[in-house]
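Structure incoming, see below.
The values are calculated or read from the model by the stated rules, or taken from the named source; none is laboratory data. Since we're looking at a predicted model, the values are computed, not measured. Positions of Cβ are generated from backbone atoms using ideal geometry, with glycine treated the same way; all protein chains shown enter the neighbour counts.
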Amino acid sequence: MIKKLFLSSLVLTQLMVSCSSDNSSDEIIPEPKPEKELTLEEQIAALLKQPYSNLTPAQQKNKFEAEANEMLVQLDKSKSSGAIEAIKNLGRLFSLKHIDLFDGKSQNGVEEVLNISGVYGIYTWDDAKKTWIKTASTTELKFVFPAKEGQTTNNAVLTSKSTSSNIKFSNVDTYSDWGYNSETGEYGPITPSVQDWFYLPSTVDGLLTINGTEAATFTSNAKYSSQNKSPEDYTYKLTLNDGYTWEMSGKKGVETTSNALFTYNGKNLINFNVTSSAEIDKLIENIELSQYKGKANTLISIMDNFIIIGNTDLTADAADREALFKNNTRPAHPDGLNPNSDFKAYYTALNAYEKKISEGEAASFNKNTKLSLVSKKDGTKIADIVLRSQKAGDDYLVRLPVWNDQGKYWTWSSNGELFAQPYLDEVIYLKFNDNTEAALSVYFSEGFDALRSKFTDFTSAFQTKNK
């Protein structure tokens, strides 16, 4: 079943200020007021008010392809990135020879506290033996390896350092053995599981060099909740000397935020932003408590133009779904020993029940979630996103049971009447300015031939070839 989508993007707006003058001979021009950046909720509210575009759905499709092609032009340059190629080759070498960073201390059946410094060491790739040679280090984790597949010279170095927080979490070292317990007479665990403990990292810094020249850097910082060990505040940034930057950040609070940004030479390619009033800590304790879910605002932008915005009342949606299931009871399965049981009536009622649930979930989404596609350049709304309940694929055919008069029970038989049970799904639709609707999967499955060809060519450059 398709889940609700919460997508978004970033739009910057400015407030215009006016100048005033008095009647004196000297004109006094006030200082301009500082620009005010709208909140994500205010940005979405403004974007949702944009008028529909006058373009037809077919013309919009051409516009989508043009925007996506422009982004692929920028992404395509990453295929020649030396840093990406080196990281890709490092992953290939890891797959050829696994490295046990904890040196046998994990999955050894002994409960231990494993520190970050415990994984430090210098690992050098031996191409002749196709293995990693470890040298002890107390200050860093380093990998020395070839930057390209097919090279035998170790000209790339990836170095990482980290500091631990005071927050530790448990991880299963060895799972318990299950079997029959003769003392209790029950089947269950007969040996206890063994836990290891890890201190969560507060900072991680890394540097990739190729032929002695900096090729990439990454930094990560995090603060954790002592209550449930979830991140309170985190930042992550990966910078390639080829011009690409990937950043992520998040902060938990009265308004929880999460952001991600992918740029090339300072130009935004993909920008993702989310804010939520959900009480995260309470939801971690009990995800079913709808009163803690709050609201969410999300935006995603491509090339700072093509924008998908979303506004969701999570509390109202959870309440509507709870009421939906409370007010519609799933029919009880008939008694297989009662000759008066009516299986056809049961399956008829079951079909009606599942139809109500599917339609109700789509209605709840459309009521509590507002999703739209917007063109920032044109200042117009391209389409709204809605859910529709509909049949998916062919019906499931079941044969109704028949009464076995001799055994006095209902039994399944090839002689039973065939009964159809439809598969239902909540399908994503695009709703355009002329009120026509098109299923998202159908809309994007037709056309876009040139785009699909370019995207396939782009992704194939990052696939590891098996030899």
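Which one is farthest from Ala147 (Cα to Cα) among residues in the stretch 90-133 that are modelled with pLDDT of 80 or more and small (Gly, Ala, Ser)?
Once the filter is applied, the top-ranked residue is Gly121.
Filter the stretch 418-435 down to the residues that are outside any strand (DSSP E or B) and touching a strand residue (DSSP E or B) at 6+ places or on another chain (Cβ under 9 Å) and list them by number.
To start, the set of residues in the stretch 418-435 that are outside any strand (DSSP E or B) comprises 422-423, 432-435.
Those that are outside any strand (DSSP E or B) and touching a strand residue (DSSP E or B) at 6+ places or on another chain (Cβ under 9 Å): Pro422, Tyr423, Phe432, Asn433, Asp434.
Restricting the search to the stretch 364-382, which residues are more than 23 Å from the chain's Cα centre (by Cα) and crowded, with 18+ Cβ neighbours inside 10 Å?
Across the stretch 364-382, the qualifying residues are Ser375, Lys376, Lys381, Ile382.
Conditions (1) out of contact with any Gly (no Cβ under 6 Å at 6 or more places or on another chain); (2) farther than 27 Å from Pro231 by Cα, marked per residue:
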site	(1), (2)
Ser164	yes, no
Asn171	yes, no
Thr174	no, no
Asp177	yes, yes
Tyr180	yes, yes
Pro192	yes, yes
Trp197	yes, no
Leu200	yes, no
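For Asn211, indicate whether it is farther than 27 Å from Lys142 by Cβ and surrounded by fewer than 16 Cβ atoms within 10 Å (Cβ to Cβ). Can you show your working first?
On the way: farther than 27 Å from Lys142 by Cβ: no; surrounded by fewer than 16 Cβ atoms within 10 Å (Cβ to Cβ): yes.
So Asn211 fails the test.
So which pairs qualify, if the first residue must be in the stretch 401-419 and among the aliphatic types (A, V, I, L, M), the second must be in a loop (DSSP other than H, G, I, E, B) and surrounded by fewer than 14 Cβ atoms within 10 Å (Cβ to Cβ), the Cβ gap must be under 7 Å, and the two must be at least 6 apart or on different chains?
Going by the 7 Å Cβ cut-off, the qualifying pairs are Val402/Ser413; Val402/Asn415.
Next question, about the same structure. Could you run through the stretch 367-405 and say how many residues are β-branched (Val, Ile, Thr) and closer than 30 Å to Tyr346 by Cα?
Step one: filter the stretch 367-405 for residues β-branched (Val, Ile, Thr), giving 369, 374, 380, 382, 385-386, 398, 402.
Right, trim to closer than 30 Å to Tyr346 by Cα and you get 398, 402.
Of the residues in the stretch 367-405, 2 are β-branched (Val, Ile, Thr) and closer than 30 Å to Tyr346 by Cα.
Considering only residues that are in contact (Cβ under 8 Å) with a residue 24 or more places away in the chain and part of a strand (DSSP E or B), look in the stretch 220-242 and name the one that is surrounded by the fewest Cβ atoms within 10 Å (Cβ to Cβ).
Looking only at the stretch 220-242, we keep the residues that are in contact (Cβ under 8 Å) with a residue 24 or more places away in the chain, and these are 222-230, 240-242.
Then keep just the ones that are part of a strand (DSSP E or B); that gives 222-224, 240.
Details: Ala222: 18, Lys223: 14, Tyr224: 20, Leu240: 21.
Restricting to residues being in contact (Cβ under 8 Å) with a residue 24 or more places away in the chain and part of a strand (DSSP E or B), the top hit is Lys223.
Out of all the residues in the stretch 356-364, is one or more assigned by TED's automatic domain parsing to the domain that holds Val274 and in a loop (DSSP other than H, G, I, E, B)?
Within the stretch 356-364, the first condition is being assigned by TED's automatic domain parsing to the domain that holds Val274, and the residues that meet it are 356-364.
Narrowing further to those that are in a loop (DSSP other than H, G, I, E, B): none.
Checking the stretch 356-364: not a single residue is assigned by TED's automatic domain parsing to the domain that holds Val274 and in a loop (DSSP other than H, G, I, E, B).
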